[in-house]
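A quick write-up on the structure given underneath.
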Amino acid sequence: MTNSTSVATHERWTSLSIWLHWLIVLLLLAQFAEGEFMGDLFDKGAAGVSEMTALLGYVHIGVGAIIFLAAAVRLWDRFAHGRPAAPEGEPNWAKTLARISHALLYAILLAMPVAGFVAWFFGSELLAELHKWAWDALMVIAGIHVLGALVNQFWFKTGVLTRILPGHGRST
Ligand code: HEM
Ligand code: HEM
């Protein structure tokens, strides 16, 4: 099982896709940093927290919306302009694991902001819980993803890390 999706394959990622990958990673770090302020704001309301906490909470909403857009554009680019073929030297089980984890990563990146929005605008405790649970799931899958990238690069010697680096992309 290699490329059973209908996505065209190329040697390289698009530059857009590469930059969006690292933008999303950076913004996730930001979400982690101000997540607990958002938690305070959600629990106590704007009147019950300091101005700084409220501000960081609102930043959380803005950054979350940008992550949603960045993930959606990346997904669009992947289907519109194709992605690199799974590396030759990668065993089939690892290719399958990569496909599953990539699908889950996209799903969480798109679902989390939606859950956050519903939690915030409709005061849903259930969605807030799901939002927090999704973060834990994201960390586990991202952990597997990073480990997979390192194993690919240094054990299977497939060069996947190099091809996701800025400067190694194609225009379209
Ligand atoms: C992919 C984008 C997002 C990520 C990665 C993210 C991540 C996080 C994290 C790490 C927390 C803290 C969880 C904890 O305390 O255990 C949090 C809390 C929260 N986020 Fe987000 N967030 C995102 C988008 C959004 C958006 C767009 C909203 C919309 C308003 C939002 C609303 C909330 C709320 C209401 C909480 C507090 C939940 C609670 O404490 O019960 N998030 N988020
Ligand atoms: C923690 C946040 C991260 C998320 C959400 C994430 C998500 C993704 C997604 C969705 C893909 C695209 C797969 C596709 O479209 O088929 C991808 C590719 C990739 N990511 Fe990440 N990633 C993260 C962090 C990292 C880190 C820290 C590294 C480096 C160690 C990394 C290395 C890679 C590599 C090498 C690829 C390309 C795989 C290939 O060429 O086949 N990622 N990532």
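Every read-out reported here was derived from the displayed coordinates using simple, explicitly stated rules and does not represent laboratory data. Remember, predicted model here, so these are calculated numbers, not experimental data. Positions of Cβ are generated from backbone atoms using ideal geometry, with glycine treated the same way; all protein chains shown enter the neighbour counts.
Largest GNM mean-square fluctuation across W13, W135, W93, computed for the chain with C-alpha springs under 10 Å, falls on W93. The long axis of helix 51-81 is offset from the longest Cα principal axis of the chain by roughly 30 degrees.
Label point of L126 set 7 angstrom out along Cα-Cβ; within segment 36-61, no amide nitrogen lies under 15 Å from it. Between amide H atoms placed 1.01 Å from N, distances below 5 Å from A85 occur with H10, all of them 5 or more places distant or on a separate chain.
Extending 7 Å from Cα along the Cβ direction at E36 and again at S171 yields two label points whose distance is 4.8 nm. Full extension of the chain segment joining A65 with L150 gains 27.6 nm, where the gain is 0.36 nm per residue of separation less the Cα-Cα distance. Does anyone have the angle between helix 15-44 and the longest principal axis of the chain? Alpha-carbon axes, 0 to 90°, nearest 10? Tilt relative to the chain: about 20 degrees. For GluC sites (Glu not before Pro), the sites in segment 8-72 that DSSP calls loop and that have at most 16 other Cβ atoms within 10 Å are E11. In the chain, the longest principal axis of the Cα atoms and the axis of helix 125-154 are about 30 degrees apart.
Under 5 Å from the amide H of T14 lie the amide H atoms of R170, each residue being 5 or more positions distant or on a separate chain, with H modelled from the backbone and absent for Pro and chain starts.
As an exercise, use a Förster radius of 25 Å and the Cβ-Cβ distance of Y58 and V114 to find the FRET efficiency, rounded to the nearest 0.05.
That gives a FRET efficiency of 0.90.
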